[in-house]
Amino acid sequence: MDCFNSVLLSKFVITNRIGLPPKDELNTFQYLSESKQSKLWKYTKPTKNKWIVNEENSSSFFRKAPKKKSIDEYEIIKILGVGAHGDVKLAHKKNDSKKKQYAIKTINKDKIIPDLLIGNQNRQIPLEIHILDFLSRHLDPSGVIVEMIDYFEDEINFYVVMKYFDNGIGMDLFDYIDSRTEWIEESKIKKIFKQLCQGISHLHSLGIVHRDIKDENVILDETLTKIQLVDFGSSGYYRPGLLNDKFFGTEGYAAPEIVNGEKYSGPEQDIWSLGVLLYTLIYQENPYLQPNFYSKPLQIPYILSEGSLDLLRWMLNKDPNCRPTINEILNHPWLKD
């Protein structure tokens with residue numbers, strides 16, 4: 001196999017039914033000559049739910065690293081958070097004299113649902129790691145998307161090593177809002193929300209949806225001016241026309257079509273979750289707590305500004321086809337002021 005085909009094959013460890021690889025990789029395949037396509041297909045095997053790539057010809061991404069890494073190489077400082085599949089700890093390498101701090105996410109292998117795994121017949125990894133690896137090679141220019149530095153595993157867990165704020169101090173948006181005794185200034189709301197939208201714009205441009213945007217997954221730094229979007233445990237790839245009917249995300253932030261078990265594509269549902277988050281930033285409560293939230297018109301406690309209200313109503317439209325795209329949100333006059 002020539003060098004060009006070898007590179008392509010290493011990229012085409014093709015995903016499961018959740019979604020497809022980023023569009024630039026798919027487009028590369030579509031524009032190959034028929035002869036080169038046939039060479040590539042020789043090393044793949046389609047099944048009902050996924051494309052399986054032969055181990056001997058697939059990317060080393062799905063092979064265990066020859067050098068064994070261990071969580072014992074790290075000094076655990078504290079627990080940053082606990083989730084359904086594991087926890088996130090603040091840590092530094094024991095042999096690092098500078099004690100640079102990282103966030104290390106533990107993913108229990110027994111708790112990963114099959115729809116969130118990707119790989120071949122010999123080896124599978126969490127889709128979260130696959131996506132974070134792809135994002136580490138397509139860095140977010142806004143710096144909002146958390147960056148994976150490394151990953152490794154043992155018999156029980158996968159471990160994802162990610163960058164964290166330099167001083168190791170951060171607060172999630174849920175705790176920040178909960179600690180407030182006064183309304184958040186509109187200028188600060190705009191700054192936080194615009195950064196988040198820039199990060200989501202980067203994801204959507206790469207064919208990735210987060211699927212669990214919420215206040216607990218947005219981390220503020222010590223100055224309360226810079227944010228990180230974390231927890232890609234529910235994320236997936238998407239393509240126009242590819243629909244899903246699985247529930248991913250968090251009750252209270254999920255779009256009505258997901259709650260109702262309807263098929264959905266992904267970006268429109270991220271937009272809904274962003275709308276819920278914006279509402280929560282402004283009014284310091286989740287609109288989901290309103291009686292019959294999905295069936296009644298949105299209740300507005302007070303008008304912060306006409307621009308914010310217009311954007312909220314647009315994003316929280318119950319018809320997904322009527323919601324704005326992420327770039328339309330970034331170009332909305334309220335965020336342009």
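Extents of segment 169-316, taken as max minus min of Cα coordinates on every principal axis and listed largest first, are 43, 37, 24 Å. In loop segments of segment 127-184 as defined by DSSP, the trypsin sites (Lys or Arg not before Pro) with at most 14 further C-beta atoms inside 10 Å of their C-beta are Arg137, Arg180.
Counted over all Cα-Cα pairs of segment 71-163, pairs farther apart than 24 Å make up 23 percent.
Footprinting exposure proxy ranking of His210, His204, fewest other C-beta atoms within 10 angstrom first, gives His204, His210. Straight-line reach from Lys111: taking Cα to Cα under 15 Å and skipping same-chain neighbours fewer than 8 places apart, the aspartates and glutamates in range are Asp87, Glu128, Glu153, Asp154, Glu155. Take every Cα pair under 8 Å in segment 170-336 that's 6+ residues apart, average their separations, divide by the length, and report that relative contact order as a whole percent. Computed value for segment 170-336: 23 percent relative contact order.
Read the figures in this text as sums done on the coordinates, not as results from a lab. Predicted, not measured: the structure shown is a model, and the values here were computed from it. Here Cβ is always computed from backbone atoms with ideal geometry, including for glycine, and neighbour counts include all displayed protein chains.
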